[in-house]
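A short write-up of the structure that comes next.
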Ligand code: CA
């Protein structure tokens with residue numbers, strides 16, 4: 001059973017067999033699934049179908065998954081599960097901070113894709129609950145960082161920084177206790193709503209992209225333990 005009843009997923013993959021296999025499996029799990037096979041088709045289908053989530057292949061005809069991600073995220077924030085051919089590609093994408101929320105490397109199991117889709121959708125539900133909880137929250141100030149949970153805006157000095165939803169939630173979580181080193185498990189469960197061994201790589205990736213956006217020196221790493229936001 002999908003976490004969000006009737007949640008709709010757009011599967012973007014130019015390899016017809018993979019596209020159909022992922023689609024069939026998600027449908028069997030109760031999702032409404034739309035399909036696209038290239039970059040322009042993906043953006044058009046996104047506009048037309050307004051899916052709750054994208055499963056997005058990186059290498060696509062027309063323009064690639066990176067560009068699809070940029071274009072759709074500019075219109076409406078939506079969780080994106082990116083399909084990559086190699087782990088190195090994932091690292092590259094994380095460095096570019098394209099706004100994908102999770103990555104699966106090919107070859108993947110359909111079970112894994114379904115699990116990741118469900119987790120991302122649960123996260124969105126959780127994020128809207130968090131947002132409601134943050135509605136009255138004041139702006140968090142840490143050094144020259146100003147974080148407004150209500151508006152989901154971040155200023156570094158006078159500059160507005162664009163963060164993905166997960167990067168934002170991670171920053172808010174760190175900013176709640178400036179200077180404190182938070183364990184990976186603690187951060188995973190606070191931000192993602194779950195924690196296991198495979199998740200720490202996802203966390204490390206998001207810390208990396210957050211650093212790229214707000215300044216590497218602001219987040220301290222304690223190897224083998226976790227991360228903390230420098231107080232000033
Ligand atoms: Ca492809």
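Here, each number is a calculation from the coordinates, and none is a lab measurement. Note that the structure is predicted; figures quoted are calculated from it, not measured. We place every Cβ from the backbone using ideal geometry, glycine too, and count neighbours over all the protein chains shown.
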Per-selection Rg to Rh, the chain - Cα, Kirkwood hydrodynamic radius: 0.97
Using alpha-carbon coordinates, inclination of helix 39-49 to the longest axis of the chain, degrees: 90 degrees
Helix 110-134 axis, angle to the chain major axis (alpha carbon atoms, nearest 10°): 40 degrees
Shape of region 137-229, Cα gyration tensor, a/c cut at 1.5: prolate
Degrees, to the nearest 10: 65-75 long Cα axis against longest axis of the chain: 70 degrees
Cα gyration tensor shape of region 1-61, rounded if a/c is under 1.5, else prolate or oblate by comparing a/b with b/c: oblate
Sorted peptide list for 40-47, 15-22, criterion being average Cβ within 10 angstrom, highest first: 40-47, 15-22
Gap separating the Cα centres of region 151-167 and region 1-67, nearest whole Å: 28 Å
Exposure proxy order (Cβ contacts within 10 Å, fewest to most) of 31, 63: 63, 31
Order of 106, 213 under a 10 Å beta carbon neighbour criterion, fewest first: 106, 213
Antiparallel DSSP beta bridges within the chain, as percent of all bridges there, nearest 5: 50 percent
Three-way shape label, region 8-128, alpha-carbon gyration tensor, a/c 1.5: rounded
